[in-house]
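Chemist: Got a structure for you, questions after.
The values are calculated or read from the model by the stated rules, or taken from the named source; none is laboratory data. Owing to the predicted nature of the structure, the values given are computational and were not obtained by experimental measurement. Glycine gets a Cβ as well: all are built from the backbone with ideal geometry, and neighbour counts include every protein chain shown. The area values use the complete protein model at the heavy-atom level, side chains included, leaving out ligands, DNA and RNA. Shrake-Rupley method; radii C 1.70, N 1.55, O 1.52, S 1.80 Å.
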Amino acid sequence: LQGLRAGLLSIWLSGFLLIALSFYGTQLLSPTSLNDSFRYSGDSIAAAPRITIFTSFNGEENSQALLALRSWLALSSRITVVLFTQHNNNPSSDFSSFTDKFGSRLLLDSTIDFTFLGTPFLHSMLARSEAYQSDIAVLMDPETVLLPDFISALSYAHELDRDWLLVSSSVEIPSFPFHWDETRHFWRQDNGKRVRFGELQKRISLQSLQSNSSEGKMIMAWNNIDMPLHCGVLPPFLYQRGTHNQWIINEAMSCKRRFVFDATSTISSFFLGNAENIYNRSDNVSELKTRTWEYIGNSHLGQLYGSLFSRSYTLPKLLKCNKRYMFVSASDRSSDLSISKGKSLGFRTREKISACISRTKSRSLKLDFVQKDEAVPPLKFPFDLESLLPLVADKSRTVVLSIAGYSYKDMLMSWVCRLRRLKVPNFLVCALDDETYQFSILQGLPVFFDPSAPKNISFNDCHFGSKCFQRVTKVKSRTVLKILKLGYNVLLSDVDVYWFRNPLPLLQSFGPSVLTAQSDEYNTTVPINRPRRLNSGFYFARSDDPTIAAMEKVVKHAATSGLSEQPSFYDTLCGEGGIYRVGDDKCLEPETNLTVHFLDRELFPNGAYGDLWLKEDVRGECEKKHCFVLHNNWISGRLKKLERQMMKGLWEYDASMRMCV
């Protein structure tokens, strides 16, 4: 009997030892490895949600962003990060080598809209996020560090039986004396000792008691990413320039499609106080001061769109008490058991939870909503033509100029979107009226206003041949001359010129003292430099003495003409009746010795050449010819011009969403 007892005891001890060793072994593993595929939810095992974190990055090497990115990807193998950046196609940049460290879980996306200063548009970011397959989408600042309770909170929210929007505010801490272990995937102290999550959380809590949360560093997460966050249209807010977070929360609550709640108490996230926001970095202090217009612009949009009234919302809070998640009513701080999951709670448990609720009241999201009629400072753009030129021009000191009034604002934006897609950033916009000027500022364009532009420009009747057209076109030659005198080359392109390819390399190859221009001749059997066939809606002029002198003659001639500037170009540069013509495609102005080269119509067709606009597949026909551009002219009327370009699929702008297609 004693032998039997000893044998049973030996077996029992061996089994216990194996269980203990197994448990110890699992503790040596990274904690995320056990939670990557499955997690505990109530009484069942559920698949962990796929999480995609979206943010925008300017491509500069930044230790704070690197720290944050590592903290995100270390949480779970089910996390993917999408960085919206303008530097996606630059393999030689430091940012490319920076992204190589993280493999396929870090994706670069350059297909969103940015301002000319590189600030991303929030509405474009959110629209693009719908293209990614994920259970949960997260939008957050690129310098915010996340801790593991982020995964727990999102996993709990994922099990809710309705659509939701989670918001959480990050705290600023002065220091974080830990570093990330790339090999073992956890945090270490300077002495090499591993830091547990509880210690990290305690450190943040102690430092955050004397710190303020940042509206700009807010985390937003939501499920069912194919469904909009709110009703209506999202304005073209500039990302991280204020207003938009409160606006989205307000509109989401008003819309009532989603349950909106505050998870600040259950998600540990922070940013370092000595880390500047990457969108506010500049070596030029004066430039930083000029960025205030971006915040004012967002404030204007917040008042123009939606219903951002002066009402202080206090959102329901997600708390974790006694290892249980629950929602707490904002008004009476009682748990909302209609939303919380889990079994019914006993009296003692409720007492403990009440005490827990009282302890967590210090951390919550602060929402300061503005008055609908609150005075917002006027939107003053701190740039004029002289200050924009060095910001926009390329290395050869060349700019692409277009001039537009409010009736052509949508065609202007389609033109801008096309240039952005072709990676042509060196464009400028001259606004003929204040409406176009304000519109362009909010669209992030490098715009300046011409105070000498004619007033009372007709909305629908400013087409070719009209008195309005004659007055407006003369602004173009005056503006081009001014830019040439400032030392910059100019490619003038009307907004109705659709670009298939970037023509600048070809146009610049003609050398100095040559003005290249599109021919308006449609007859294929006659010379393209026939009298008055120079199209002043697309030409390239160099900033050299012969070109400047010739342009001065054009401007002077147009000022005394009762016609548009287009006849003045030809009569001045090619002579009346074409007496200065050279061959079939050139003119030589004798006083300035400027050569005018008429561009090949196969590569630069006008609106009547080859009946291209009558083809069923205009794009296909032009691509066969290797066209650089196609002019949407030789058609009368703004509406007809717009309709033709849209119907033929040469349109790049969604006016209803105010973003590029």
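Chemist: Could you count how many residues in the range 580-611 are among the aliphatic types (A, V, I, L, M), buried (at least 20 other Cβ atoms within 10 Å of the Cβ) and outside any loop (DSSP other than H, G, I, E, B)? So that I can check it myself, show each step before the final result.
Modeler: Step one: filter the range 580-611 for residues among the aliphatic types (A, V, I, L, M), giving 582, 588, 594, 596, 599, 603, 608.
Checking the rest, the ones that are also buried (at least 20 other Cβ atoms within 10 Å of the Cβ) come to 594, 596, 599.
Cutting the leftovers down to outside any loop (DSSP other than H, G, I, E, B) gives us 594, 596.
The qualifying residues number 2.
Rundown of residues vs (1) surrounded by 23 or more Cβ atoms within 10 Å (Cβ to Cβ); (2) in a loop (DSSP other than H, G, I, E, B); (3) among the hydroxyl-bearing types (Ser, Thr, Tyr), yes/no style:
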{"site": "Ala221", "(1), (2), (3)": "yes, no, no"}
{"site": "Leu229", "(1), (2), (3)": "no, yes, no"}
{"site": "Gly232", "(1), (2), (3)": "no, yes, no"}
{"site": "Asn250", "(1), (2), (3)": "no, no, no"}
{"site": "Ser254", "(1), (2), (3)": "no, no, yes"}
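Chemist: Could you say which residue among Ser387, Ser414 is over 14 Å from Leu492 (Cα atoms), assigned to a helix (DSSP H, G or I), open to solvent by 10 Å² or more (accessible area, probe 1.4 Å) and of a type outside the set (A, V, I, L, M, F, W, C)? Before you say what the answer is, go through the steps one by one.
Modeler: Working: Ser414 fails: open to solvent by 10 Å² or more (accessible area, probe 1.4 Å).
Going through Ser387, Ser414 in turn, just one is over 14 Å from Leu492 (Cα atoms), assigned to a helix (DSSP H, G or I), open to solvent by 10 Å² or more (accessible area, probe 1.4 Å) and of a type outside the set (A, V, I, L, M, F, W, C): Ser387.
Chemist: Give the residue that is most open to solvent (accessible area, probe 1.4 Å), with candidates limited to residues of the range 426-442 that are at pLDDT below 95 and in a loop (DSSP other than H, G, I, E, B).
Modeler: So the residue we want is Asp433.
Chemist: Quick one: Asp161 ticks every box in (1) within 31 Å of the chain's Cα centre (by Cα); (2) part of a loop (DSSP other than H, G, I, E, B) except a single one, so which number is it?
Modeler: (1)
Chemist: OK, next. Out of the residues in the range 304-323 that are open to solvent by 40 Å² or more (accessible area, probe 1.4 Å), out of contact with any strand residue (DSSP E or B) (no Cβ under 9 Å at 6 or more places or on another chain) and more than 14 Å from Pro236 (Cβ to Cβ), which is modelled with the highest pLDDT?
Modeler: Kept after step one, since they are open to solvent by 40 Å² or more (accessible area, probe 1.4 Å), are these residues of the range 304-323: 304-306, 309-314, 320, 322-323.
Pick out the ones that are also out of contact with any strand residue (DSSP E or B) (no Cβ under 9 Å at 6 or more places or on another chain) and you get 304-306, 309-312, 322-323.
From what's left, more than 14 Å from Pro236 (Cβ to Cβ): 309-312, 322-323.
Working: Phe309: 54, Ser310: 50, Arg311: 56, Ser312: 61, Asn322: 77, Lys323: 81.
Per the stated criteria, the residue is Lys323.
Chemist: Considering only residues of the range 634-661 that are aliphatic (A, V, I, L, M) and touching a residue at least 40 places away in the same chain (Cβ under 8 Å), which is nearest to Gly620 (Cα to Cα)?
Modeler: In the first step, residues of the range 634-661 are kept if they are aliphatic (A, V, I, L, M); the result is 635, 639, 642, 646-647, 650, 655, 657, 659, 661.
Now drop any that are not touching a residue at least 40 places away in the same chain (Cβ under 8 Å), which leaves 639, 642, 650, 655, 657, 659, 661.
Values: Leu639: 24, Leu642: 20, Leu650: 11, Ala655: 25, Met657: 28, Met659: 25, Val661: 19 Å.
My answer is Leu650.
Chemist: Which residue, of Ser543, Ser509, Ser493, is hydroxyl-bearing (Ser, Thr, Tyr), in contact with a Gly (Cβ under 8 Å, 6 or more places away or on another chain), closer than 19 Å to Val400 by Cα and open to solvent by 10 Å² or more (accessible area, probe 1.4 Å)? Quick ask: steps written out before the conclusion?
Modeler: On the way: Ser509 fails: in contact with a Gly (Cβ under 8 Å, 6 or more places away or on another chain); Ser493 fails: open to solvent by 10 Å² or more (accessible area, probe 1.4 Å).
Of Ser543, Ser509, Ser493, the one residue that is hydroxyl-bearing (Ser, Thr, Tyr), in contact with a Gly (Cβ under 8 Å, 6 or more places away or on another chain), closer than 19 Å to Val400 by Cα and open to solvent by 10 Å² or more (accessible area, probe 1.4 Å) is Ser543.
Chemist: I'd like to know if the range 520-534 contains one or more residues that are assigned to a strand (DSSP E or B) and more than 38 Å from the chain's Cα centre (by Cα). Give the steps one after another, and end with the answer.
Modeler: Let us first name the residues in the range 520-534 that are assigned to a strand (DSSP E or B), namely 534.
If we keep only those that are more than 38 Å from the chain's Cα centre (by Cα) as well, we get 534.
Yes - at least one qualifying residue is present in the range 520-534.
Chemist: Okay, next question. What are the pairs, 6+ residues apart or on separate chains, where a residue within the range 104-131 that is without any contact (Cβ under 8 Å) to a residue 12 or more places away in the chain and over 22 Å from Gly302 (Cβ atoms) has its Cβ under 9 Å from a residue that is part of a strand (DSSP E or B) and open to solvent by 10 Å² or more (accessible area, probe 1.4 Å)?
Modeler: Cβ pairs passing all conditions: Ser104/Thr80.
Chemist: What residue, of Ser396, Ser358, is among the polar types (S, T, N, Q), modelled with pLDDT of 95 or more and not in a strand (DSSP E or B)? Let's see the steps before the verdict.
Modeler: Working: Ser358 fails: modelled with pLDDT of 95 or more.
It is Ser396.
Chemist: Same structure, new question: With respect to the numbered conditions (1) at pLDDT below 95; (2) part of a loop (DSSP other than H, G, I, E, B); (3) open to solvent by 70 Å² or more (accessible area, probe 1.4 Å), which one is the sole condition not fulfilled by Gly562?
Modeler: Every condition holds for Gly562 apart from (3).
Chemist: Among the residues of the range 474-483, is any farther than 16 Å from Phe598 by Cα and hydroxyl-bearing (Ser, Thr, Tyr)?
Modeler: Taking the range 474-483 first, the residues farther than 16 Å from Phe598 by Cα are 474-483.
Checking the rest, the ones that are also hydroxyl-bearing (Ser, Thr, Tyr) come to 477, 479.
Yes: the range 474-483 contains one or more residues that are farther than 16 Å from Phe598 by Cα and hydroxyl-bearing (Ser, Thr, Tyr).
Chemist: Here's another thing I want to ask about it. Quickly run through the range 612-645 and pick out the residues that are open to solvent by 30 Å² or more (accessible area, probe 1.4 Å) and either aromatic (Phe, Trp, Tyr) or closer than 22 Å to Val424 by Cβ (or both). If you could, list the steps in order and put the result at the bottom.
Modeler: First, the residues of the range 612-645 that are open to solvent by 30 Å² or more (accessible area, probe 1.4 Å): 614-617, 619, 621, 623-626, 634-636, 639-640, 643-644.
Answer for the range 612-645, where residues must be open to solvent by 30 Å² or more (accessible area, probe 1.4 Å) and either aromatic (Phe, Trp, Tyr) or closer than 22 Å to Val424 by Cβ (or both): Arg619, Glu623, Lys625, His626, Trp634.
Chemist: Could you tell me which residue of the range 213-233 is modelled with the highest pLDDT, considering only residues that are within 28 Å of Ser268 (Cβ to Cβ) and charged (D, E, K, R)? Talk me through it step by step, then tell me what you get.
Modeler: Applying the first criterion (within 28 Å of Ser268 (Cβ to Cβ)) to the range 213-233 yields 213-225, 229-230.
Right, trim to charged (D, E, K, R) and you get 215, 217.
Details: Glu215: 59, Lys217: 84.
Selected residue: Lys217.
Chemist: Across the range 575-609, what is the number of residues that are within 18 Å of Arg532 (Cβ to Cβ) and of a type in the set (Asp, Glu)?
Modeler: Counting residues in the range 575-609 that are within 18 Å of Arg532 (Cβ to Cβ) and of a type in the set (Asp, Glu) gives 4.
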